[in-house]
Amino acid sequence: MTTEQSSHKNSFSSEWLWRAVLPIALVVLLLGFAAVDRSVLSPANLLNIAQQTSYLALFAMAQTVVILTRGFDLALGPAVSMVSVGTALAMAGATATGHDPSIVVLAGLGTGFGLGIACGLFNGVVIALLGVSPFVATLGSYNIAIGVATTLSAGRPVQGVPKLFSQLFYGGSIFGIPAAIIITLAIGLALHLMLSRTVFGRSLYIIGTNPRAAAVAGLPVKRILVATYVLCSTLAALGAIMMTARTGSGEPNLGGSLSLQAIAGAVVGGTSLAGGRGGVGTAVLGALFVTILSNGMNLTRIDGYIQMVVLGAIVIIGVLLDRLRLERRR
Amino acid sequence: MDLDADLKPAEPLLALRGISKRFTGVRALDRVDLDVHAGELHVLFGENGAGKSTLINVVSGTFPPDEGTFHFGGEDIRHLTPQRARSIGISPVFQEFSLVPSLTVEENLFLGREVTRGGILHAREMRKRATALIDELGFDLDPSQRVDDLSRAHQQMTEIAKALLGRVRLLILDEPTASLTERETSRLFELIARLKSQNVGLIYVSHRMREIRALADRVTVLRDGRHIRTLDAATSTDSELVELMTGRKIDLLFPTITHKPDKVMVDVENLTLADGSVRDVNFHARAGEITGVAGLVGCGKSELIRAIYGIEPIVSGTIRIDGLPYDFPAPRRSLRNGVAYFPANRVAEGLALSRPIRENASMTVLDLPAFARFGVLRQAVERTTIQRVMEQLQLRPPNIERTAGALSGGNRQKVMLGRALTRELSVFLFDEPSVGIDVGAKLEVYEFMKRLVEAGAGVIVVSSELPEVLALSNRLYVMHHGRIAAELTGAEKTEQNVLASFFREHLVAEVA
């Protein structure tokens, strides 16, 4: 019994150490960039970082939900492009037929979330019911979504996003806090409550830790997995809508490297690709880290292609750290 | 033996002394001795996990022993590798095939020892030799066929042919007849006889009594990685062998359970599973008594209760729970019908190790309104309920927020048992309930079952530990090869009767 207890205590203290690493790294990173360029710490830039983080945090949360169950969603980026194009096309169409601005926005939201849910259902059914691995399944839907987005938009930005839409999801603010930050905070809080307080959230952790035990204990594993991918894509659709509001047009290339960035955010934050570990906090911290890194690299004029190298390396380092942590536990 | 002293027995071909092998803390072999003489067929006998596979892997150089000495042909052998073993004439045929599926039979035979002339493959020579060998073995094999086009039986023949290519002094056969037909088996037996007459030594792993009777000169029984005894096949009886193999006389006080058999809670008719592990089984269990299921590893006893719970696919047959037909069983529906299953492998199928004890114990009740309303967990209720349950089960220390992975085997089983106390249940299916837990925890598990039964529940215990099922059960089924071999009650419920029924079918098969 004593050995059991002491090992428990050990893992407990090292767990706190692990948690402290990332916030410390964040501060060091900020100070490091500030040493090169003072403007990094200016209030305007900090707000800018917060706003940029809010998009990536949303996508990292979406990834975290599926990563918790030992999956991931490579198609998240293209789904964002698809939703952006679909939303803009629906709104342009509704405007052209002379509808009210509020109806136009509703049509856009309906189309955007509809596409997101469809994409999630597709992934979830292929993975959970047909038993295809998340990698292969979402690599397939990655290409499908790119194809759909490019075909619908003919490869060009879709104009005709109404002012009201941009106002709601980008321009607006409450007490000076931009809409994107408010939306992400609200979603983050809701998701956190869902993960920690609901049967669904609990099930995600149990399935990710031991899917076989979850099934033997009677949890509806397949149904939950489908719902998880739907949730992931729905959150991605919301992010796509917010980004479309920002650019003011439907962009077939909007999602570009988002899949990897979102996975990077989740993994760097401490979400384990082995499943069952992570949450809203890790997603937000990871997104903050990735955003500060790219913001700092932009301000210090590090080449964009070099930034891709750094991002790729970050994912791999994050995964290695995760494995190190799992091994230390044993 | 004394009588033979003046005959000066020849030195054994293979002599192992005190061989031990550990795998990450598990002692797979514990100071095992083994002698195999030239021209002798030596059977290794034991349950799965007894150490037979490890031993033949040591002999064939797959992994080195941690300690002990290894003599072959009078020479002290150290640092044996599979290549070296083959070159000195040790040739293994494992159950897992070592064939390359995309190559032909012939290419596989000569893999790594291709016949070449000036660096170029000498195909004609290899074809000739392969054909000659296959003819000699009497196998119906086409050397030019790809291995992945062959049936399992033909792959087995290829594997045997591969082992016999070149000079062989010790042949190791691991359950070679498992996928062969009668005719192929008798061919193999003829071949074995021929090899013996050529002074080849054989190590033969098999569970099949009939084969042991037909082939063996001597039998070495292994159990839990230890050498139990080596017997002369001619003078030993079947039941003696099986007793040595399974018989674990633990001096453990089983609780006295008062059985009051009541209505039939589980009724199974003509049940057959998709993988054939259970065939045409009729079985029932009553409330108020423990129904035991005994049998060797792999006889289908676990699969039977797993199918009732809904985690093994069923092809035909009917299940009734408390008199009502139960079609298409699934875990959650089973729990709602009052049936709980406690898996043998608690790490793989029971627990989410990095999650807290609380979540592990409440995993099976998340569908109940008492624990969640409109999908929102009632965490206060959960905490107090699980705390109370775990205190009742005397979890030490009683902290339900620790991870399940930090617990010992006995405490992990208590977390599983905790699930039995969190919802209304009437049937409890225990699969190897005392595997991997210490004696003290075993007693607590037995006491727990006693309380369940005496409170009127139906309990089914599946166990490979014969003394355990004998002592706990009021009625005992014995399974063999996926079928019920016997149903024993009262005075018939003895170790001898159980052991005898392991072999009844063999005898019937032999007569037929």
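Nothing in this text is a laboratory measurement; each read-out follows from the coordinates by a stated rule. None of these values were measured; they are calculated from a predicted model. Backbone-built Cβ (ideal geometry, glycine too); neighbour counts: all protein chains shown.
The table that follows gives values for the structure above.
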| read-out | value |
| --- | --- |
| Set of aspartates and glutamates with alpha-carbon distance to A:K163 below 17 Å, sequence-local pairs under 8 removed | A:D100, A:E251 |
| The stretch B:26-84: trypsin sites (Lys or Arg not before Pro) falling in loop per DSSP and having at most 16 other Cβ within 10 Å | B:R78 |
| Order of B:S197, A:S81 under a 10 Å beta carbon neighbour criterion, fewest first | B:S197, A:S81 |
| Partner chain coverage, peptide A:310-321 - average Cβ within 10 angstrom | 0 |
| Extension gain, B:Q394 back to B:A370 (0.36 nm per residue minus Cα-Cα distance, nm) | 6.3 nm |
| Euclidean distance of C-alpha centroids, the stretch B:40-84 and the stretch A:229-263, integer Å | 60 |
| Highest-first arrangement of A:211-217, B:376-382, where packing means the average Cβ count within 10 Å | A:211-217, B:376-382 |
| Cα coordinate range in chain B, projected on the principal axes (Å, largest first) | 80, 57, 48 |
| Ellipticity estimate at 222 nm from DSSP helix runs (n ≥ 4, -39,500 (n - 2.57)) divided over chain B, nearest 500 | -9500 deg cm²/dmol |
| For residues of B:369-380, the mean tally of beta carbons on other chains within 10 Å | 3 |
| Mean Cβ count within 10 Å, highest first, over the residues of peptides B:95-102, A:90-97 | A:90-97, B:95-102 |
| Among beta bridges that DSSP assigns inside chain B, antiparallel share in %, nearest 5 | 55 |
| Inter-chain shielding of B:358-367 (mean C-beta neighbours from other protein chains, 10 Å cut-off) | 4 |
| Chain A: calculated mean residue ellipticity at 222 nm from DSSP helix runs of at least 4, using -39500 (n - 2.57) | -26000 deg cm²/dmol |
| Modelled FRET efficiency - R0 30 Å, A:I182 with A:V36, Cβ distances, 0.05 increments | 0.40 |
| Which listed pairs, of A:K222/B:K21; A:K222/B:K414; A:K222/B:K301, have C-alpha distances above 32 Å, in listed order | A:K222/B:K21 |
| Diffusion coefficient, µm² s⁻¹, Stokes-Einstein with Kirkwood Rh over alpha-carbon pairs of the protein assembly as shown at 10 °C and 1.306 mPa s | 50 |
| Relative contact order for the stretch A:189-330, counting Cα pairs under 8 Å that sit 6 or more residues apart, in percent | 22 |
| Alpha-carbon centroids, the stretch A:141-185 and the stretch B:315-331: separation in whole Å | 52 |
| DSSP beta bridge pairing in the protein assembly as shown, given as percent antiparallel to the nearest 5 | 60 |
| A:A190-B:T131 pseudo-label distance in nm [points 7 Å out on the Cα-to-Cβ vector] | 7.6 |
| Partner aspartates and glutamates for B:K128 [C-alpha distance under 15 Å; skip if fewer than 8 residues away on the same chain] | B:E106, B:E107, B:E114, B:E136, B:D142 |
| Peptides ranked, highest mean first, by Cβ atoms within 10 Å: ranges B:183-195, B:396-408, A:102-114, A:225-237 | A:225-237, A:102-114, B:396-408, B:183-195 |
